[in-house]
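Chemist: Have a look at this one.
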Amino acid sequence: MVVLVTGAAGFIGSHLVDAYLARGCTVIGLDNLTTGARANLEHALYDKRFFFVQADIAGNIEDFERLLRHVNQTPNLILHFASPASPKDYADLPLETMAANAMGTRNCLEVASQRKARFLFASTSESYGDPLEHPQKETYWGHVNPIGPRSCYDESKRYGEALTMAYWRTRDVDARIVRIFNTYGPRMREKDGRVVPNFVRQALAGEPLTIYGDGTQTRSFCYIDDLIDGIVRYASAPSLAGNVINLGNPAEFSILEFAKVVSSAAGVPLRFAHAALPQDDPARRCPDITKAQTVLGWQPKVELRDGVAKTIDHFRAVLGPN
């Protein structure tokens, strides 16, 4: 099988590359390296079944098809994971974020339609916005500010979902949507503005952990290995075209509780520095994974403390001694 992964040099994308190479697949990794890091793929570059293409998925469709002809591979499965995906990115790269999820999604769907490939769109729990339903089921439509500072991500992902479903309905594309909840682990960018790298980097530097608001807002944290397992199961399962499935860990923690876990795992005293809560930051975020359990036989296995310890080990190796 030939698998195309967009956003291949990113956090989740690079782990997908590893997973499919380990399964004996040929993998085409595409990334423009705006937020991805080539270092995430250095080990894969030694595998002759891996082809890396540096390009913008949101560019001209003819250029995209020319690149595929250049590597002389026709994908059977397209995993569209290219998009800036952190609060810092929303502020710095709003147009690039919207382009990846709009034009980039359309380019991938066009190729999937022409080449009869299965397509999986990486959407997000941000599609639910600041939810009025808790936990969030796939049937919930969301509570999103369409013109707020996070809207470049929230609304472009919602548009990407609508486009995916339109191709499924009108072009007979085996198209699927995964809504990904907070995921963490090795290869996260240390300064991407999300809570896990923020806390880990600050703890290792002996700094107070920055708490936005009063810290009672909640998140659910899924370790990367669990997420990849769910994605691979979903992408390979028969008869799931046109579906939306949540993947995440339903164990819910307040930000204050999570700060205690990180400090304990890093072996540092628990200290806080408070800052204002960002606009439209969701108060609660937790997936209902009943559908994933039922149709995929999937649920996360890695305990938060174990996953955080592995993440800290990775950051120690990357950041070096303070």
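Rule-based calculations on the coordinates, nothing more; no lab input. Remember, predicted model here, so these are calculated numbers, not experimental data. Methodologically, a virtual Cβ is constructed for each residue, glycine included, from the backbone with ideal geometry; neighbour enumeration extends over all protein chains shown.
Chemist: Testing the spin-label approximation: label points 7 Å from Cα along Cα→Cβ at F272 and Q73. State their distance in nm.
Modeler: So the label points at F272 and Q73 sit 4.8 nm apart.
Chemist: Moving on. Using +1 on the beta carbon of Lys and Arg, -1 on that of Asp and Glu, and nothing else charged, what's the dipole of the chain about the Cα centre, debye to 20?
Modeler: Details: 35 positive and 36 negative charges, 122 e Å.
Charge dipole of the chain: 580 debye, to the nearest 20.
Chemist: Give, in nm to one decimal, the length gained when the segment between E42 and R115 is fully stretched (0.36 nm per residue of separation minus the Cα-Cα distance). Present the calculation step by step, with values, prior to reporting the outcome.
Modeler: Numbers: separation 73, 0.36 × 73 = 26.28 nm, distance 2.91 nm.
Separation in residues times 0.36 nm, less the Cα-Cα distance, equals 23.4 nm.
Chemist: May I pose another question? Give me L4, L16, L132 sorted ascending by neighbouring Cβ count inside 10 Å, so fewest comes first. Please list the in-between numbers first.
Modeler: Details: L4 30, L16 26, L132 12.
Placing the least packed residue first, the sequence is L132, L16, L4.
Chemist: Sorted from largest down, what three extents in whole angstroms do the Cα atoms of segment 49-157 have along their principal axes?
Modeler: 48, 30, 22
Chemist: Among L247, L163, L319, L256, rank each residue by its count of other Cβ atoms within 10 Å, from fewest to most, as a rough exposure measure.
Modeler: Result, fewest neighbours first: L319, L256, L163, L247.
Chemist: Please report, to one decimal in angstroms, the Kirkwood hydrodynamic radius of segment 276-322 built from all distinct Cα-Cα pairs. Don't skip to the end; give the middle numbers.
Modeler: Numbers: mean 1/r = 0.0698 Å⁻¹.
After inverting the mean inverse Cα-Cα distance, the result is 14.3 Å.
Chemist: If you average 1/r over every pair of different alpha-carbon atoms in segment 125-216 and take one over that average, what Kirkwood value in Å do you get?
Modeler: 15.8
Chemist: Continuing with the same structure: So what is the orientation-averaged projected area of segment 26-78, using the convex hull of its C-alpha atoms, in nm²?
Modeler: So the mean shadow area of the Cα hull is 3.9 nm².
Chemist: Along the Cα-to-Cβ line of A22, 7 Å from the Cα, sits a label point; which residues in segment 271-308 have backbone N less than 19 Å from it?
Modeler: Of the residues in segment 271-308, 297-304, 306-308 have backbone N under 19 Å from the label point off A22.
Chemist: What percent does the relative contact order of the chain come to when contacts are Cα pairs within less than 8 Å and at least six residues apart?
Modeler: Numbers: 646 pairs, mean separation 54.1, N = 322.
Here the relative contact order equals 17 percent.
Chemist: For segment 73-129, what is the per residue volume of the convex hull drawn over the alpha-carbon atoms, in cubic angstrom? Write out the running numbers ahead of the final one.
Modeler: Details: hull volume 5.0 nm³, N = 57.
About 87 Å³ per residue, rounded to a whole number.
Chemist: With the cut-off at 27 Å, tell me which of the pairs K157/K310; K88/K291; K88/K260; K48/K310 have Cα atoms farther apart than that. Can you show the working numbers first?
Modeler: Details: K157/K310 30 Å; K88/K291 32 Å; K88/K260 24 Å; K48/K310 29 Å.
Those over the limit are K157/K310; K88/K291; K48/K310.
Chemist: With a cap of 15 neighbouring Cβ atoms within 10 Å, and only residues DSSP puts in a loop, list the trypsin sites (Lys or Arg not before Pro) found in segment 138-221.
Modeler: Details: sites: R150, K157, R158, R169, R171, R176, R179, R187, R189, K191, R194, R201, R219; in loops: R150, R187, R189, K191, R194.
Filter output for segment 138-221: K191.
Chemist: Another one. Running Debye on segment 191-322 with equal point scatterers at the Cα sites and no solvent, what base-10 log of I(q)/I(0) appears at q = 0.11, 0.13, 0.16, 0.22 Å⁻¹?
Modeler: -0.46, -0.62, -0.87, -1.28
Chemist: I've got another one for you. Once you treat every alpha carbon in segment 97-167 as an equal point and sum by Debye, what is log10 I(q)/I(0) at q = 0.14 Å⁻¹?
Modeler: Relative scattering, expressed as log10 I(q)/I(0), comes to -0.45.
Chemist: Test of understanding: given the chain, find the longest segment containing no GluC sites (Glu not before Pro) that are in a DSSP loop and have at most 16 other Cβ atoms within 10 Å. Please report the intermediate quantities before stating the final value.
Modeler: Numbers: sites that count: E42, E133, E190, E303.
Longest stretch, sites excluded: 191-302.
Chemist: Tell me which of T34, Y128, I231 sits at the most positive position along the dipole axis of the chain, charges placed on C-beta atoms (Lys, Arg +1; Asp, Glu -1).
Modeler: Value computed over the given set: I231.
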